[in-house]
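The structure under discussion appears below in the form of structure tokens.
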Amino acid sequence: MRLSKFFGQTLREAPSESDSASSQMLVRAGYVRQLAAGLYSYLPLAHRSLRKIEQILREEMDAISGQEMCMPVVHPAEIWQESGRWYEIGDEMGRFQDRKGRELVLAMTHEEVVTTLCKSEIRSYRQLPQMVYHMQTKFRDEPRARGGLIRVREFVMKDSYTLDKDFDGLQSQYEAHYDAYHRIGARLGLNLVAVQSDPGMMGGKIAHEFMYVTPIGEDSLAICEETGYASNLDVASFRKIPEPSDPPQPLTRVHTPGQATIAKVADFCGVTTRQTGKMVFYMGDFGAENPPKLIAACVRGDMEINELQLRYAVNAQALRPAETEEIAAAGCISGYASLRDIDHTKAVTVVDDLIPESGNLVVGANEHDWHFTGANYGRDFIANIVAPIALAYDGAPDPIDGKPLRVVRGVEVGNIFQLGTRYSASMGATYTDESGVEHPIVMGSYGIGVGRALACVAEEYSDDYGMDLPISVAPYHVFLVSLGRSGKVKEKAEALYSALLAAGVEVIYDDRDVSPGVKFADADLLGMPLRCTVSSRSLSRGGAEFGRRRSKDLAIIPLRDAVEQIQEEIIRCFDKLHQLLEHLPTWESQPK
RNA sequence: CGGGGCGUAGCUCAGCCCGGUAGAGCGCUGCGUUUGGGACGCAGAAGUCGUCGGUUCAAAUCCGGCCGCCCCGACCA
């Protein structure tokens, strides 16, 4: 590729709409252009990188017996109605009608289509197990696209689907994906951390997310390097250690004027926040046929509510913070609320499982400017439900060995779900076993966002000058630049370019008639890992300069050996990257 | 969906308070000089000031509606 013919241009300044390093660099380097919120065009450089990422995905999926196929982006509504997700999913699903008024859906994912195919293709246990995959566009009308390429509305995902006759089969294909995803991360130059995750609307019980840890991530993770525990914060558990307390003391009403926050009241009463109980109120949505109900949750004062776990504990479909009037309707006073005086029929009352183990708490007295001291669960207040509803926090003891958890941010590059029979049962995809009995097929689904992976790689490998992409992802391996307009330099550079092309080296050649500063700046920006410079200076020293991007110590390589030496260096780059494959985490090595 | 910000040349932005000729830098075009880290001179092209309406003799500027984009939150198979 000649840079003089390149479709697109580099930008000295990033457009104001992009924020993260990855987005800014990809825009400045002419890889991508935004068309609208969450919709991007991928220019030739990005497209080459995306194809390379896809090829890595393809190789790793094929290696675990995947069969590549392709399913449509537009689906009839009926299959989504059959699975039930037509009704469960809201505005994030793109819906439209064809000319006859038939309801159509833009694919958010492809479980429904795979399951439909199972109905026509899979009849017997003899046809199982199976693993199919494709790389196909998804559309999700996110309420808010953000972070440049990290969260977009239209994107290509590699999604694979496993079909098994039982859960043992599923488990084995799940583990194969678990290991394959680590290999994919390594080949992309990304350290992906597998964390336990919430299966959510995918159904099923076991799920992992593969996270690229970065401050710009949207998800919070709780991880412990020492024990290997790693979980999405949503589902993270931790050891709960009760605060030592004296034998139960009498419940005492205390005047606490103006002490409406936990910190203030703890300070006022001379106790730590660990010796207080904190009330948080939500309105729970229990489905269309049930009225919304107040949820009164209590955690220890130093902790926060894990809303997902609370939602599961009360079996609600959704939660939102309650208004002051809604709290008052159950007989509680905001800021001084207590489970002692609440009407347990008007609210679902929940305490974290640490509360019954905590003695002599300071809690609200349900009256302005009054609290109780010496409150003890069971004697002074109770709840409908006792469940682990406290959110893990930085420094919390991990559940395996009590070592401190670290809470970090991450971007979800991939995920794996054990679906079980969630789709096959509702849609009637069955096989016949050895004894002639029909069973629903046991399914798994496994996704990796291709564009998101590129964004993460760009984020990881950016510096002040541009990107320094791994050899496996860079659109070209070598950036060849000629300096000066002397006929000899141009001639030699052209000859080297032709020789590299003839040898099959992926090279981008800056043949433009611009100043050296511009060429070097663009070379730095564009992200090719290797650079080769031909100039009168290099020629007088015996050939071309060659080395890593922005490297200070550049070797002079004679032009007659240049192609060979460049090829060898490319191989060394790949070898170095592939060394990462040697010590990857595996399913076997993760803590159980 | 709640809160905040922004919309002026291809890009980054000034001008808006205080209404009256639409600006700068970068980029682009031409000519000349220059060529190892975003060169310089001269000449030039380029904008329905997001959009619709209102106020006014007069609106980029004041007022209102709408649209779009960004950020925080809610949401996120």
Counted residues in region A:367-376 being under 43 Å from the mean Cα position of the chain (by Cα) and part of a loop (DSSP other than H, G, I, E, B) come to 1
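Every residue, every condition in (1) farther than 17 Å from A:Ala555 by Cα; (2) open to solvent by less than 10 Å² (accessible area, probe 1.4 Å), yes or no:
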site	(1), (2)
A:Leu469	yes, yes
A:Ser486	yes, no
A:Lys490	yes, no
A:Leu501	yes, no
A:Val507	yes, yes
A:Gly517	yes, no
A:Leu526	yes, yes
A:Leu530	no, yes
For region A:20-45, name all the residues that are within 10 Å of RNA strand B (Cβ to nearest atom) and at positive phi. A:Gly38
Applying the selection to region A:401-422, what residues are more than 13 Å from A:Asp164 (Cβ to Cβ) and crowded, with 22+ Cβ neighbours inside 10 Å? A:Leu405, A:Gly410, A:Val411, A:Glu412, A:Val413, A:Gly414, A:Asn415, A:Ile416, A:Phe417, A:Arg422
If we only count strands (runs of 3 or more DSSP E) wholly inside region A:390-490, which ones have 3 or more residues that are under 15 Å from the mean Cα position of the chain (by Cα) and within 11 Å of RNA strand B (Cβ to nearest atom)? A:406-420, A:442-449
Pair list, Cβ < 6 Å and 6+ apart or interchain, from region A:1-20 residues that are in a loop (DSSP other than H, G, I, E, B) to residues that are open to solvent by 40 Å² or more (accessible area, probe 1.4 Å): A:Phe7/A:Pro44; A:Leu11/A:Arg28; A:Ala14/A:Gln24; A:Ala14/A:Arg28; A:Ser18/A:Gln24; A:Ser20/A:Ile216
Could you pull out the residue among A:Phe167, A:Phe96 that is more than 15 Å from RNA strand B (Cβ to nearest atom) and without any contact (Cβ under 8 Å) to a residue 60 or more places away in the chain? A:Phe96
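Does any residue of region A:138-146 turn out to be within 26 Å of the chain's Cα centre (by Cα), of a type in the set (Gly, Ala, Ser) and open to solvent by 20 Å² or more (accessible area, probe 1.4 Å)?
yes
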Condition check: within 12 Å of RNA strand B (Cβ to nearest atom), at positive phi and open to solvent by 10 Å² or more (accessible area, probe 1.4 Å). Does A:Gly84 satisfy that? yes
Could you list, in sequence order, the residues of region A:529-554 that are within 7 Å of RNA strand B (Cβ to nearest atom) and either outside the structural domain of A:Gly484 (by TED's automatic domain parsing) or polar (S, T, N, Q) (or both)? A:Thr533, A:Ser535, A:Ser536, A:Ser538
Would you call A:Tyr461 in contact with a Pro (Cβ under 7 Å, 6 or more places away or on another chain), open to solvent by 10 Å² or more (accessible area, probe 1.4 Å) and either acidic (Asp, Glu) or over 30 Å from A:His110 (Cα atoms) (or both)? yes
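Matching residues to (1) open to solvent by 20 Å² or more (accessible area, probe 1.4 Å); (2) within 36 Å of the chain's Cα centre (by Cα):
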| site | (1), (2) |
| --- | --- |
| A:Met303 | no, yes |
| A:Ala337 | no, no |
| A:Gly359 | no, no |
| A:Gly378 | yes, no |
For region A:491-528 the number of residues that are outside any helix (DSSP H, G or I) and more than 11 Å from RNA strand B (Cβ to nearest atom) is 10
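Would you mind finding the one in A:Lys293, A:Lys264 that is surrounded by fewer than 21 Cβ atoms within 10 Å (Cβ to Cβ), over 28 Å from the mean Cα position of the chain (by Cα) and either within 25 Å of A:Asn232 (Cα to Cα) or free of Cβ contacts under 8 Å to residues at least 40 places away in the same chain (or both)?
None of the others qualify; the one that does is A:Lys264.
Would you mind finding the one in A:Leu104, A:Leu117, A:Leu149, A:Leu170 that is open to solvent by 30 Å² or more (accessible area, probe 1.4 Å) and either at pLDDT 95 or above or in a loop (DSSP other than H, G, I, E, B) (or both)?
A:Leu117
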Given the condition at negative phi, open to solvent by less than 40 Å² (accessible area, probe 1.4 Å), within 32 Å of the chain's Cα centre (by Cα) and not basic (Lys, Arg), answer yes or no: does some residue in region A:339-350 qualify? yes
Considering each of A:Leu580, A:Leu539 in turn, give the residue that is in contact with a helix residue (DSSP H, G or I) (Cβ under 8 Å, 6 or more places away or on another chain) and either open to solvent by 50 Å² or more (accessible area, probe 1.4 Å) or of a type in the set (Gly, Ala, Ser) (or both). A:Leu580
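Listed here are the residues, each with its yes/no results for (1) within 21 Å of A:Phe6 (Cβ to Cβ); (2) at pLDDT 95 or above.
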{"site": "A:Leu496", "(1), (2)": "yes, yes"}
{"site": "A:Asp510", "(1), (2)": "yes, yes"}
{"site": "A:Val514", "(1), (2)": "yes, no"}
{"site": "A:Ala523", "(1), (2)": "yes, yes"}
{"site": "A:Met528", "(1), (2)": "yes, yes"}
{"site": "A:Cys532", "(1), (2)": "yes, yes"}
{"site": "A:Leu539", "(1), (2)": "no, yes"}
{"site": "A:Arg548", "(1), (2)": "no, yes"}
{"site": "A:Gln565", "(1), (2)": "no, yes"}
Check off (1) under 29 Å from A:Gly200 (Cβ atoms); (2) open to solvent by 40 Å² or more (accessible area, probe 1.4 Å) for A:Arg28 and give me the number that stays unchecked. (1)
Can you find a residue in region A:62-69 that is within 16 Å of RNA strand B (Cβ to nearest atom) and either within 25 Å of the chain's Cα centre (by Cα) or modelled with pLDDT of 95 or more (or both)? no
Yes/no for A:Gly364 being in contact with a helix residue (DSSP H, G or I) (Cβ under 9 Å, 6 or more places away or on another chain) and part of a strand (DSSP E or B): yes
Quick count over region A:120-141, residues being more than 18 Å from A:Gln171 (Cα to Cα) and part of a helix (DSSP H, G or I), is 3
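Here is a yes/no grid of residues against (1) closer than 27 Å to A:Val407 by Cβ; (2) open to solvent by 30 Å² or more (accessible area, probe 1.4 Å); (3) of a type in the set (Asp, Glu):
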position: A:Pro257; (1), (2), (3): no, yes, no
position: A:Gly270; (1), (2), (3): no, yes, no
position: A:Asp285; (1), (2), (3): no, yes, yes
position: A:Ala297; (1), (2), (3): yes, no, no
position: A:Glu307; (1), (2), (3): yes, yes, yes
position: A:Tyr312; (1), (2), (3): yes, yes, no
position: A:Ala328; (1), (2), (3): no, yes, no
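The values are calculated or read from the model by the stated rules, or taken from the named source; none is laboratory data. Fair warning: this is a prediction, and the values are worked out from it, not measured in the lab. FYI the Cβ positions are ideal-geometry reconstructions off the backbone, even for glycines, and counts take in every protein chain you see. Heads up: the accessible areas ignore ligands, DNA and RNA and are worked out on the full protein's heavy atoms, side chains in. Shrake-Rupley method; radii C 1.70, N 1.55, O 1.52, S 1.80 Å.
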